[in-house]
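I have placed the structure first, in the form of structure tokens, so that the comments after it can refer back to it.
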Amino acid sequence: MKKLDNIKKIDREFSNTLVDWYNQERRILPWRETEDPYHILVSEIMLQQTQVNTVIPYYLRFLDELPTLESLAKATDEQLHRLWEGLGYYSRVFRLRQFAVEVQEKYNGRIPNEKSQLISLPGIGPYTCGAILSFAFHVKEPAIDGNVKRVLARLTNDTRDISKVATQRSMEDLVRSLLPEDPYAFNQGLIELGATYCRPRQPRCQECPVRTFCEGYANGHVEDLPNKPKKKKQKEVSLPIFVFHQNQEMLFVKRASEGLLASLWGFPMIEENFVENIESETEVFLQHQVIQDYFIEQFGIRLQPISVQRVGPIKHVFSHVIWNMHLFLIEDPNVWNRVDTVESPETIKSTDQDISLPTAFKKCVEFIYERELI
Ligand code: SF4
């Protein structure tokens, strides 16, 4: 790559150039048309792990139904499942409600504009805190997420590991030194630059509005930046999923309130890797002590199926683990009737039309329906 001779330092001139460019070229997005901290928070939480275009209709629907922090604090699990269905990472929306409840209790329903108060609330990390403070309250605070780190590493030709605290601190210092009195357009500008020009792959350097400031470009290092450690390969596990069914209805249970897919509906299952045992004969497998203990603990009775059909595995990839779901379609009148009489766990018999299921279990249901297995 050709080296620029007239490379400028990242300084106030850069800051002005970025702000001017942002003000002229910014994309119109619904959360940029408001200064309501609650609305901005909802957008920021949705935008974690999810693309802008996907978020827009969810954001509008969410605020249409829950327009105030107070309404979110009172929202039911079912309502939140429905409004978040398809966005994934459901724990985000439950933390959001927890945030709303605490703001109601501690701050009389007003989101605080003090950093120390805001950052101590549920679901608020340094980036979200900076985003709320600078976008809603115009407080001079950096908002540095993974995309902004990429932009900064390239702009300054910073080859250090961006996951290291020391690298992050120096990026924060740099942004603090550049922030204008009103930080809004500068912080939004870095985010916008990362989304439109300084993209993870195939950055548009030739047309970039701040190319003359970019040391990574001048040094021909753009493709190698940022320097981030390779992600660990996800762990892969084989899990038995028990689909109890009768007259086309299936049995769903409420999952535990902690951990993966917390508090969502799912099938009874054992979240232990059965990679060796799962290959054994169905009858032998179902006699496994872990499975017997599971049914005693969950439903208070032993499994006594009158028919079992085994299908799959169906794969579902989470960010840190891959589930290979082996479905056991079971008719067992004892379990089926028993769940109406025991108190725990929370269960529902449904054709799946009436409940929101996370994608992993939706895949199982689609697999079953498509093949007319029940
Ligand atoms: S010149 Fe390229 S690497 Fe530098 S900020 Fe612009 S898009 Fe990013």
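The values are calculated or read from the model by the stated rules, or taken from the named source; none is laboratory data. Nothing here was measured: the structure is a model prediction, and the numbers come from that model. Cβ sites come from the backbone with ideal geometry, for glycine too, and all protein chains shown count toward neighbours. For the accessible areas, the whole protein counts, side chains as well, though only heavy atoms, and no ligand, DNA or RNA atoms are used. Shrake-Rupley method; radii C 1.70, N 1.55, O 1.52, S 1.80 Å.
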Exercise. In region 289-315, which residues are touching a Lys or Arg at 6+ places or on another chain (Cβ under 7 Å), modelled with pLDDT of 85 or more, closer than 18 Å to Glu331 by Cα and β-branched (Val, Ile, Thr)?
Worked result: Ile296
Exercise. Can we say Ser71 is surrounded by 15 or more Cβ atoms within 10 Å (Cβ to Cβ) and either at pLDDT 95 or above or more than 30 Å from Arg154 (Cβ to Cβ) (or both)?
Worked result: no
For this session: Check Ile314, Ile306, Ile301, Ile296 and return the single one that is β-branched (Val, Ile, Thr), more than 29 Å from Gln234 (Cα to Cα) and open to solvent by less than 40 Å² (accessible area, probe 1.4 Å).
Result: Ile301
Seminar exercise, completed: Residue pairs qualifying under the 8 Å Cβ cut-off, at least six apart or on distinct chains, with the first in region 205-219 being in a helix (DSSP H, G or I) and among the acidic types (Asp, Glu) and the second being open to solvent by 50 Å² or more (accessible area, probe 1.4 Å) and at pLDDT below 95, are Glu215/Ile7
Problem set entry | Total residues in region 148-200, condition touching a residue at least 24 places away in the same chain (Cβ under 8 Å), within 11 Å of the ligand (Cβ to nearest atom) and open to solvent by 70 Å² or more (accessible area, probe 1.4 Å) | 1
Problem set entry | Scan of region 84-98 for residues that are surrounded by fewer than 20 Cβ atoms within 10 Å (Cβ to Cβ) and at pLDDT 95 or above, ordered by number | Gln98
Exercise. Looking at (1) at pLDDT below 95; (2) within 14 Å of the ligand (Cβ to nearest atom), which is the one condition that is false for Glu207?
Worked result: (1)
Problem set entry | helices (runs of 4 or more DSSP H) lying entirely in region 54-141 (those with 1 or more residues that are under 16 Å from the mean Cα position of the chain (by Cα)) | 77-84, 91-107, 126-136
Exercise. In region 223-270, how many residues are more than 30 Å from Thr159 (Cβ to Cβ) and outside any strand (DSSP E or B)?
Worked result: 15
For this session: Pairs only if they're at least six apart or on different chains, beta carbon under 7 angstrom, first in region 267-287 and more than 29 Å from Thr351 (Cα to Cα) and open to solvent by 40 Å² or more (accessible area, probe 1.4 Å), second at pLDDT 80 or above and hydrophobic (A, V, I, L, M, F, W, C); list them, first residue then second.
Result: Asn277/Phe285
For this session: Go through region 99-136 and give me each residue that's farther than 30 Å from Tyr217 by Cβ and open to solvent by 60 Å² or more (accessible area, probe 1.4 Å).
Result: Gln104, Glu105, Lys106, Asn108, Arg110, Asn113, Glu114, Lys115, Ser116, Gln117, Ile119, Ser120
For this session: Filter region 317-350 down to the residues that are open to solvent by 50 Å² or more (accessible area, probe 1.4 Å) and assigned to a loop (DSSP other than H, G, I, E, B), then identify the one that is farthest from Gln289 (Cα to Cα).
Result: Ser319
Exercise. For region 137-147, which residues satisfy the criterion of being open to solvent by 20 Å² or more (accessible area, probe 1.4 Å) and in contact with a Phe, Trp or Tyr (Cβ under 7 Å, 6 or more places away or on another chain)?
Worked result: His138, Ile144, Asp145
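So which residues in region 222-238 are touching a helix residue (DSSP H, G or I) at 6+ places or on another chain (Cβ under 8 Å) and either farther than 22 Å from Arg160 by Cβ or more than 9 Å from the ligand (Cβ to nearest atom) (or both), if there are any at all?
Kept after step one, since they are touching a helix residue (DSSP H, G or I) at 6+ places or on another chain (Cβ under 8 Å), are these residues of region 222-238: 222, 225-227, 238.
Within region 222-238, Pro226, Asn227, Ser238 qualify.
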